[in-house]
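One structure is given below, encoded as structure tokens.
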Amino acid sequence: MRIMLLGAPGAGKGTQAKILSEKYNIPHISTGDIFRYNIKNETELGKKAKEYIEKGLLVPDELTVKIVEERLKEDDCRSGFILDGFPRTIPQAEELDRILLQRGTGIDIVVNIFVKDEEIVQRLSGRRVCLKCGRNYHVKYNPAASEGKCGECGGRIVQRDDDKEETVIERLKTYHRQTEPLIDYYEKKGLLYTVEGKEKIEDTTGEVLRTVEEAAQKHGI
Ligand code: ADP
Ligand code: ZN
């Protein structure tokens, strides 16, 4: 299954993508995670991406598309994948269509996780992330059992630089301006399913899984 998750920053795409990835045994491809990994390891790509990310801006399309194109060539993507945070602009979506069409495939299902702006700001400012495995936590909604330590891998839990309030506001503006038009784009293709991002992770997961199963049946996947 080739699944795409859409939604504002902090809507819970990463969390749900990890769950779907385990359930369907297909890779979770997060451009944000790829950029963060490169920033941490101080690669050329990391240096370039950092300039944009810390301002709440998008990394240029050309660079981003190239990374995803390479990632999709890997063997583990053959039976499907979950895209999280890509595409984020119309040109990226068009490039993705081209890449997949070349191989005679396409996206099967787009799940849009909807969360109101006010709630996004609350969620992101309380979000924490494991430095080692990337799992997300929230100080209030989803705290780690032992403070500052990841329950999954024991890694250190920190606040992401771009989760500071000023950057969060910029990221939301960027989302509305550049990413939201994708909702229409996929709606027109008949691939879009919208679920409401709930406060409790498992409630959103229930909705997402139900939607994916329903869409899979409908499209005979
Ligand atoms: P979130 O969904 O919480 O904003 P991500 O981890 O998906 O977080 O992305 C973090 C940052 O990485 C974004 O704010 C953006 O600067 C950059 N980024 C991620 N994916 C893309 C993309 N597809 N195109 C351009 N920039 C991206
Ligand atoms: Zn961890």
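The values are calculated or read from the model by the stated rules, or taken from the named source; none is laboratory data. Please read all numbers here as calculations on a predicted model, not as lab measurements. All Cβ positions, even for glycine, are placed from backbone atoms using ideal geometry, and neighbour counts span all protein chains on display. The accessibility values were calculated without ligands, DNA or RNA, using every heavy atom of the protein model including side chains. Shrake-Rupley method; radii C 1.70, N 1.55, O 1.52, S 1.80 Å.
Per-structure values
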item	result
Among PRO9, GLN122, PRO60 the positive-end extreme of the charge dipole of the stretch 1-160 (Cβ point charges)	GLN122
Solvent-accessible area of CYS77 with every protein chain in place, 1.4 Å probe, in Å² to the nearest 10	10 Å²
Rounded, prolate or oblate (a/c below 1.5 giving rounded, otherwise prolate when a/b exceeds b/c) for the stretch 123-221 by Cα gyration tensor	oblate
Carbon and sulfur %, accessible surface of the chain computed with the full protein complex present, 1.4 Å	48 percent
Separation between Cα centres of the stretch 32-75 and the stretch 151-221, rounded to whole Å	19 Å
Structure-based [θ]222 nm, the chain - -39500 (n - 2.57) summed over DSSP H runs of at least 4, per residue, nearest 500	-14000 deg cm²/dmol
Total charge dipole magnitude, the chain, about the Cα centre, Cβ charges on Lys, Arg, Asp, Glu only, Debye to nearest 20	400 debye
GNM top mover of ASP75, ASP33, ASP163 - the chain, alpha-carbon springs below 10 Å	ASP75
Dimensions in Å of the chain - Rg and Dmax from alpha carbons	16.6, 48
Global geometry of the stretch 179-221, whether rounded, prolate or oblate, following the gyration tensor of its Cα atoms and the 1.5 cut on a/c	oblate
Whichever lysines have a C-alpha closer than 20 Å to that of LYS200, once near sequence neighbours (fewer than 8 apart) are set aside	LYS13, LYS18, LYS23, LYS116, LYS140
Beta bridges per DSSP with both ends in the chain, % antiparallel, nearest 5	30 percent
Label-point separation in nm, LEU131 to ARG210, each point 7 Å along Cα→Cβ	4.0 nm
Burial order of peptide ranges 189-199, 83-93 (average beta-carbon count within 10 Å, highest first)	83-93, 189-199
Prolate/oblate/rounded label for the stretch 8-54 (Cα gyration tensor, a/c 1.5)	oblate
Under 5 Å, built H, 5+ apart or other chain: amide partners of ALA8	VAL115
Nearby aspartates and glutamates by direct alpha-carbon distance to LYS66 (threshold 12 angstrom, same-chain neighbours under 8 apart not counted)	GLU95
Gain upon complete extension [ASP203, GLU42; 0.36 nm per residue less C-alpha separation]	54.2 nm
Distance in nm between pseudo-label sites at LYS23 and LEU100 (7 Å out along the Cβ direction from Cα)	1.9 nm
